[in-house]
Amino acid sequence: MTRSRVCQWQQCQFEGQNLATDNVTVIEGETATISCRVRNNDDSVIQLLNPNRQTIYFKDVRPLKDSRFQLVNFSDNELRVSLSNVSLSDEGRYVCQLYTDPPQEAYADITVLVPPGSPIIESREDVVSEGNETELTCTAIGGKPAAYIRWMKGEEELTGETTVEETYDRMFTVTSRVRFSVTKEDDGMPVDCIIDHPAVKDLLAQRHLEVLYKPEVKIVVTYPEGLTREGDNLDLTCIAEGKPHPHQINWLRVDEDVPPHAVVTGSDLYIENLNKSYNGTYRCVASNAVGEAYVDYILYVHDSRAGEGAPQKIDHAVIGGVVAVVMFAILCALIVLGRYFARHKGTYFTHEAKGADDAADADTAIINAEGGHNNTDEKKEYYI
């Protein structure tokens, strides 16, 4: 009978035979269990051999003097043995053997996983200025198989360059480097080196970025509220934040000198009794070790009574609108009356029409008209 070996998903057996076993994957230091199973046993002897073909168990007897091997179950259909405190030296192919004619064998491969040590993360520099590039390195030592290293900066995944080195003891050291430019938003951002390995979970190292950035500047108008008018006072405050904190804040007037009686106290600019000669652009400049930044305030001094007549202007506009509506209504009424009289301009009255209702014909009507026919020369017409 021809026997062909079938291995799928860590299960190996021979077609057409009674003997079967399973591959085993175990983490170093844990316990592996090898099971030799027989479907239909005809009282044949089952034994288990190590990778060196030494007998570990013959039936339920252990000839090998290694107390880490313990019998878990023995019957006509199964020999099950455990191996505790597994080490890398225990890795290899174990043999389940059934004494039939011819003998049958099935193979169980024990694979030992070795978790790497805690990752070590290092940076090229402890502090970096915004706009510059930084480099981080993460190393995972002593794993089997080789670990896979991922990088995360906050919620963003980064792509690193990975090198793998195999050591003399069949284990691996993995190193990954990542480079990226930083912004001020990266200050305090966590960068994680995450280790993916079948022997361990949730293994990572973390480093928080420290980023220096130039100041961010804004001007707050403390006084006045609303328009700046002649005779008012002006009080401006310059607020600057940066890392390191700005060591210098200066006020200046673009293209002109600051008014002689203006008072600068730290980040505050104070000018009394404004007039239009003070109009211009006032600039606050803040600087630190990284650089400098500035923001401008444009001063325009209005007349002393600017804005006070606004309500009266609104009232005049309302009155003008009402007058316009009334005039428009009058004009419309005149147009309607004119059209009405135009339609009735052909209607008039004469005395010759009197008595016409009782006349038999037109001649009689004229004779019967008031005043008779003799009055026709005095006929008058009235037009409306």
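The values are calculated or read from the model by the stated rules, or taken from the named source; none is laboratory data. Predicted, not measured: the structure shown is a model, and the values here were computed from it. So basically every Cβ, Gly included, is an ideal-geometry build from the backbone, and we count neighbours across all protein chains shown. Heads up: the accessible areas ignore ligands, DNA and RNA and are worked out on the full protein's heavy atoms, side chains in. Shrake-Rupley method; radii C 1.70, N 1.55, O 1.52, S 1.80 Å.
Evaluate the following for ARG80: is it of a type in the set (Lys, Arg) and within 14 Å of LEU19 (Cβ to Cβ)? Judged against the criteria, ARG80 is a match. Exactly one residue out of LEU113, LEU88, LEU158, LEU98 is aliphatic (A, V, I, L, M), free of Cβ contacts under 8 Å to residues at least 40 places away in the same chain and open to solvent by less than 30 Å² (accessible area, probe 1.4 Å): that is LEU158. Is it the case, given these coordinates, that SER129 is open to solvent by 40 Å² or more (accessible area, probe 1.4 Å) and either among the small types (Gly, Ala, Ser) or in the same structural domain as GLY291 (by the TED database) (or both)? In short, no. Of all the residues in the stretch 167-193, those that are β-branched (Val, Ile, Thr), open to solvent by less than 40 Å² (accessible area, probe 1.4 Å) and touching an Asp or Glu at 6+ places or on another chain (Cβ under 9 Å) number 5.
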